[in-house]
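The values are calculated or read from the model by the stated rules, or taken from the named source; none is laboratory data. The structure presented is a predicted model; accordingly, all values stated were derived computationally and were not measured. Using ideal geometry, Cβ is built from the backbone for each residue, glycine included, and neighbour counts are taken over all protein chains shown. Accessible surface areas use protein heavy atoms only, side chains included; no ligands, DNA or RNA. Shrake-Rupley method; radii C 1.70, N 1.55, O 1.52, S 1.80 Å.
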Amino acid sequence: MLSPDKVVLPREDDEFAKLSRTRSRVAIALSVVMIAMYFGFMTMFAFAKPTMGMILAPGLSLCILLGAGVIVGSFVLCLAYVVWANRFYDPAVRRIMS
């Protein structure tokens, strides 16, 4: 664990600030995709009931399939962020802090 007297904060105009902006852009992009998926599903649920109630197979409607898709999609977006952070962000932070 780093003690406060050993932590050197980088200047705002250097590589760490650039990395921070990149992380923010990735997080915002993934958040926008999740919000679009969720509100798209909720909008269809509210205004396209006949379409959402369409039976695809016995016991399976389009609404159930898309709802499961939103849940799976959230896990996929989380996985995408974790993979990105492990491959790019964490090594860059380690390199900057060393």
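Results, tabulated for the structure shown:
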{"read-out": "Which listed residue is assigned to a helix (DSSP H, G or I), touching a helix residue (DSSP H, G or I) at 6+ places or on another chain (Cβ under 8 Å) and β-branched (Val, Ile, Thr), from Val83, Val76, Val26", "value": "Val26"}
{"read-out": "Single unsatisfied condition, Val93 versus (1) closer than 20 Å to Arg21 by Cβ; (2) exposed (fewer than 11 other Cβ atoms within 10 Å of the Cβ)", "value": "(2)"}
{"read-out": "Selection from segment 70-90 of residues that are over 20 Å from Val26 (Cβ atoms) and surrounded by 14 or more Cβ atoms within 10 Å (Cβ to Cβ)", "value": "Val70"}
{"read-out": "Single condition Leu66 does not satisfy, out of (1) open to solvent by 100 Å² or more (accessible area, probe 1.4 Å); (2) at pLDDT 95 or above", "value": "(1)"}
{"read-out": "Cross-chain or 6+ apart pairs with Cβ under 9 Å, segment 8-19 first and over 12 Å from Ser98 (Cβ atoms) and surrounded by 12 or more Cβ atoms within 10 Å (Cβ to Cβ), then modelled with pLDDT under 60 and among the polar types (S, T, N, Q)", "value": "none"}
{"read-out": "Every pair of residues 6+ apart whose Cβ atoms lie under 8 Å, when the first sits in segment 76-98 and is on the phi < 0 side of the Ramachandran plot while the second is open to solvent by less than 90 Å² (accessible area, probe 1.4 Å) and among the small types (Gly, Ala, Ser)", "value": "Tyr81/Ala27"}
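For every residue, the table says whether it meets (1) closer than 30 Å to Phe16 by Cα; (2) assigned to a helix (DSSP H, G or I); (3) among the aromatic types (Phe, Trp, Tyr).
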| position | (1), (2), (3) |
| --- | --- |
| Val32 | yes, yes, no |
| Thr51 | no, yes, no |
| Leu66 | no, yes, no |
| Phe88 | yes, yes, yes |
